[in-house]
Each structure stands twice: as structure tokens, then as C-alpha cells.
Amino acid sequence: MLPFLLRLAADQGVRVEAREALLRLVGALAAEAPKVEPWVAPEWRTAWDRALPQVVALLDDRLPAIRRIASGTLRRCDAPGELLLPALLERRRAEPDPEIRLDLLLTLGAAARREPTGPRGPEAREMLHVLLAGAGAGAGADGDGDGDGDGDGGAGLQERHAALLALAPADPALPPLHADLLVRALRDPGARRWEGGNIAAVYYRTATLFAAPGPAAAFVRRLLLPAHPDAEHRTAALGRAGALLAEWRSPVGELLPRIVAYLDDPVPEARDLALDLLACLGPAAAAHADRIAALLDDTAPVGRRGRRTVADMAAWALTRIGDPRCIASLSTAPAVFGDTSNHYGSTHGLHTVALPGLHEALALLPGHAAALMPAVERRLAQDGQRPAVRQYGEVLAGWGSASPAAVDLLLVRLADDRTWTEAAEALAALGPATIGVVAATRARDMLSARMDAADEARGTAAWACWKLGGDPATAADALAATLDDRWHRHPVLRRLGDLGPHAARHAERLRAHTADPDDWTRVRAAGALWAVTGDTEAAVPGLLAALRGLDEGRHLPVMPAAIRQLARIGPAARPAAPLLRAALAGDWRLRSNAAWRGFVEDERLREAAAEALAAVEG
């Protein structure tokens, strides 16, 4: 396949767009191949070695786009420098296109790091160091400067920028030493010669050179202020701030005032992005609530389709802070929030702008439940689908309160074969003290009628019935009937834990699950076993195993559940103390998701860890 792709990519008679796409495909294959085990494609190495001269030859193609893609392909492959450097150095001298000349410097840097580099390796590295120092010729094929000179009389600003990008992977100490150069290069008009003029991509490539949070924060601070006259540069700088804050906690104090300054930006996208970052920071931004509230009337459209406004993001930022001025916006249930729980995979170096689902925003405001209750009532009345009943039932359970109208709506959903399990979960969580004796009795009667359902549903009905005043032994036996069903065991384990000593006859089966290879099963089983028997000898090791890596910044969704269980166990879980202490002392964000959700994950895990540490230390 590879020879065929390259023949087409080199064919001058093939449409230009097709040639570019084919060569990008080759580049993607060449970049991915070194990452997989040799047995996945044992014939790849031989095929690539044969094809490499054809890719190198494309450095001399008549089309600049093909030359640029060929350079990128050689940069991302794993071919040793000795096979690439002679052609790259010659092409660098002959290349007339200033953008490709910059790209070739990056490829030269990559090739010079891949041993063996051959006799041209020292020459390539020396050339890059000379350019970085500003003493290189900086000349194209015609002997002129590259058009981005900074008055140094040598290499131009962007050439020096490129040389630093090329050298930094082998010498991470270089970027902090040349931060002034990088700031000037990014703020310079010549920055558009990179990444096809995509300023955000240029900022990303450069800012990720700074690995440590201190130097990175100082660098991003200088990108933020003074504000660049070009709006694309300003939003790119805010994006770098978001990416940095998503990784580290310590830059908050340094960057927060500069982010707040962008609330007055003339461009809606910049105001929106600043508000998004303040929403991510949540309580840390509380001192700026008045500035945020001033934008609740900002109806400028933002987003790809202009379906939301700056005001929507302002309402979300106030929600995260807990400021009641968000209530008017949330209580009208703006469609822009929707009912979707979006999760964004954590991607290093990138920040995602997003609003939560309405139910997620409401859940953060238990202190304003009465004012927001009509919004929940409307959603339960309008949408009888399972997701909505589950989401807004969880909101009520989290608030620990429900209006009579909301309880009546849950009872209506309890009578519906499609949504009864979600309604049962919500009513059980609220309990008789909240929903009232009459409603609890009605719910028990309806649940009792479902006791002859399939095993999993029977267990749900029996458990909810017990939570509302029913028989615990019936609930324990109904749940235990599906304890070995891997599709339903997690909620079963949680509910058996709720039953505590009432489920004692099933203790040995719970103990067996504490050694399960699945983290979630092990954590739920450990929690249930402790609640049922008080046995910490079997429970604590399983919980600790789920927290491996937490003290090194690792975060998994199961970890908060394990930590909360350790807090319940108390002093018997003292072996967890060093790990919890190290996690709390770390500067990293403990998260699995990107966007606002990653910040909330960090906050919640740290709150749980602090409570657990206090509990286990007695």
C-alpha cells in the first residue's frame, strides 16, 4: 500500500488536494508506526525503509504545500538522522518559501535528535544554536533576509523562534532562558507564518515548551497583558491560560487578575472565554462576582452557531461561585444549557469551552433550592424520558428537598413502566421525612406491585421500598439474587451497603468481591462489606488499591468514591493517610476530564481527601 500511496502523492498529474491528502495519510502512518508493537504490522519497517527516499525526494517538489507536508512527515517518523540530515540541510539552503524554511528547521531539530545522526549531525545542531543566538544568516536562496528580521542584523525573529522550538526537546532549560524571545515572536505579525496562520496553534506549540508551572505561568501572564491589538491573539492567550490552569493550581493567583481584565474586551469571544475560565475557577473567582454579574445583560452571540450569548456564560460563572444573581437565568431553564452531561477527555495543553447541562448547574445550588424548584418541576413535567427523570431526580436528592409538586411528578413517573426505576431511586434518596408519609405510602404500594419483576428490577423495587419504610430482609435477599450479575453489580453493592447489618447473611459474598480485579466492583464491595460487618481488614486494602498513583497526580473516576469510603471507616483506614496527605500537597489538578468538569473533579476530590485525612487520623 505504501508504495502506491507515494506514487500517487508524487504524481504531478494527480489533483493537488488529493496529493496533499495522500501524503498526510503517509505522514500519519509514519508517526503512528513507532508507537505500536512490531507484531501489529511486522512488514512496516521494511516497507518504510524502502519508501523513505521517495518521501525525501518530495522535499524538492514544485508545490510548496507538498514540500511542507513532506517535511512534517520526516519530522514525525522515526528514521535516524543520518538518512535525513544531508537532504534537509541542502533543502534548507535552497528553499525560497519562508514558511517552509521555518518548518524545515523543526524537522532538522527532530532529525538531529534521532541517533545515529551521522557526520552532518553536529553541523545541524550548530546551525540551530547559531540561529537561536541571532547570528545566523537568516537568508533565503537569494541571499536576502527572511522578512521577519528584528533589527539584530542576523537571523530573523521567527527563525530564532523556530531554532528554539527545534532545540528545546533535547534541552528543556532553553525556553525559560529565552522567554523574552518567545513572547516577542508570538506577539509579532510574523507569527502568522506558522501553522497556516492559525494563531491558537502557534501559541499552543510554543507555550507547551514550558513544563514547570512557575515559568509557564510567567510566560502566559506576559501573553495576556498588555492585551494584543489582534483579537485572535487575545483569545489564543486566554486559551493558554485555560490549558495551564487545567493542569496546575498554583498559577491561579498570578493569572486571575489578568483574566478578569478581559471581561471588558471589545470582542464577545474574548469576554466569553474569560467568563468560561472564571467559571472553571469557581470559588477562587468569587471576589470578582460583581464584574461577572455586570455581563448578565450581554446578549452578544458567541459559539460556532451563535446559539448562546455572553450572558449565558456569565450566569454559569456566577453559578460556580454560588452567587444568587444566577437564579433568574437558571430558573427560566435556558435551552442553551440543555440536559446533556458532556464529558471531555483530558487533553494536555488544550482547553475546552463548554456549558454544563441545566441539571448540573442546578445541582450546585442546594442553598437556593426553593427559588429553583420550579425549574425542576417544569423539566419533570415536560420530559418523561428516563435521562431527564434520573437527572432531575438526582438534583432533588442532592438538594435534600422536594416540593409537593415535584414529589407528585416523581410518583407519576414511578407509575410509568419506562421511568419507574429512576423515580424510585429519587424517592428513596429523598426518604419519607422529605416526601411525607402519605407519598411514601403510595410509593411503597406501587413498588410492592413490582416485586414480581425480573431479578434486577425486583431488587431495585425492594430496596426503594425499604428506604421508604419497607422490609429490609426482603430488600437484602432481592438484591443478593443479582450480586454476581456483572452488568448490575455496582448499584447492587451500593444498595446492600445501604442496608448495613440487615444484609449480614450475604457478607461472605461481599468479601469475595473485595478482591475483584475491577476497581469499581472492589470499591463498592469494600464499602458494602464494612457497612454490613465493620470488617476493615478486607475492606481497606481494596480501597487503597483503587488509589494507586493519586499521590503522583493520577485521577480516576473511582477515586472519590474510595476516598469517601475511607472517611466513613475512620481511624482503621490510617494507612491511607500518607497518600491522602501527598495528594493534597500536590500542585496538579486531580482530574480525568477537560473543560469545567476537570476543575470540579479536582475540587471535589480534594474536599473528600481533606475530610478523609481528618477522619483516618482521628
Can you find a residue that is under 23 Å from residue 553 (Cβ atoms), open to solvent by less than 30 Å² (accessible area, probe 1.4 Å) and part of a helix (DSSP H, G or I) anywhere in region 194-206? no
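Only one of these is over 20 Å from residue 615 (Cβ atoms), crowded, with 18+ Cβ neighbours inside 10 Å and touching a helix residue (DSSP H, G or I) at 6+ places or on another chain (Cβ under 9 Å): 505, 509, 495. Name it. Don't jump to the end; show me each part of the working.
Numbers: 505 fails: crowded, with 18+ Cβ neighbours inside 10 Å; 509 fails: crowded, with 18+ Cβ neighbours inside 10 Å.
After applying the criteria, what remains is 495.
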Could you list, ordered by first residue, the pairs with Cβ atoms under 8 Å in which the first is in region 37-54 and under 16 Å from residue 87 (Cα atoms) and among the small types (Gly, Ala, Ser) and the second is open to solvent by 50 Å² or more (accessible area, probe 1.4 Å) and part of a helix (DSSP H, G or I), at least 6 apart or interchain? 51/3
Only one of 614, 545, 610 is out of contact with any Phe, Trp or Tyr (no Cβ under 8 Å at 6 or more places or on another chain), surrounded by fewer than 17 Cβ atoms within 10 Å (Cβ to Cβ), closer than 23 Å to residue 517 by Cα and small (Gly, Ala, Ser). Can you tell me which? 545
If you scan region 390-412, which residues turn out to be buried (at least 24 other Cβ atoms within 10 Å of the Cβ), more than 27 Å from the chain's Cα centre (by Cα) and under 20 Å from residue 457 (Cβ atoms)? 410
Taking region 362-377 and keeping residues open to solvent by 10 Å² or more (accessible area, probe 1.4 Å), in contact (Cβ under 8 Å) with a residue 40 or more places away in the chain and part of a helix (DSSP H, G or I) leaves 367, 368, 371, 374
Assuming residue 162 fulfils every condition listed in (1) within 27 Å of residue 553 (Cα to Cα); (2) in contact (Cβ under 8 Å) with a residue 12 or more places away in the chain; (3) of a type in the set (Gly, Ala, Ser) apart from one, which condition is it? (1)
Output the residue which, of all residues in region 218-235 that are in contact (Cβ under 8 Å) with a residue 40 or more places away in the chain and more than 14 Å from residue 251 (Cβ to Cβ), is most open to solvent (accessible area, probe 1.4 Å). 228
Tell me yes or no: at least one residue of region 589-600 is under 16 Å from the mean Cα position of the chain (by Cα), open to solvent by 20 Å² or more (accessible area, probe 1.4 Å) and of a type in the set (Ser, Thr, Tyr). yes
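Residue under question is residue 482, and the condition is that it be in contact (Cβ under 8 Å) with a residue 24 or more places away in the chain and hydroxyl-bearing (Ser, Thr, Tyr); does it hold?
Values: in contact (Cβ under 8 Å) with a residue 24 or more places away in the chain: yes; hydroxyl-bearing (Ser, Thr, Tyr): yes.
Taking the combined requirement at face value, the residue satisfies it.
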Counting just the residues of region 457-498 that are out of contact with any Gly (no Cβ under 8 Å at 6 or more places or on another chain) and polar (S, T, N, Q), which one comes out farthest from residue 429 (Cα to Cα)? 474
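The values are calculated or read from the model by the stated rules, or taken from the named source; none is laboratory data. These numbers come from a predicted model, not from an experiment. All Cβ positions, glycine included, derive from the backbone under ideal geometry; neighbour counts span all protein chains shown. Just the protein is used for accessible areas: all its heavy atoms, side chains included, with ligands, DNA and RNA removed. Shrake-Rupley method; radii C 1.70, N 1.55, O 1.52, S 1.80 Å.
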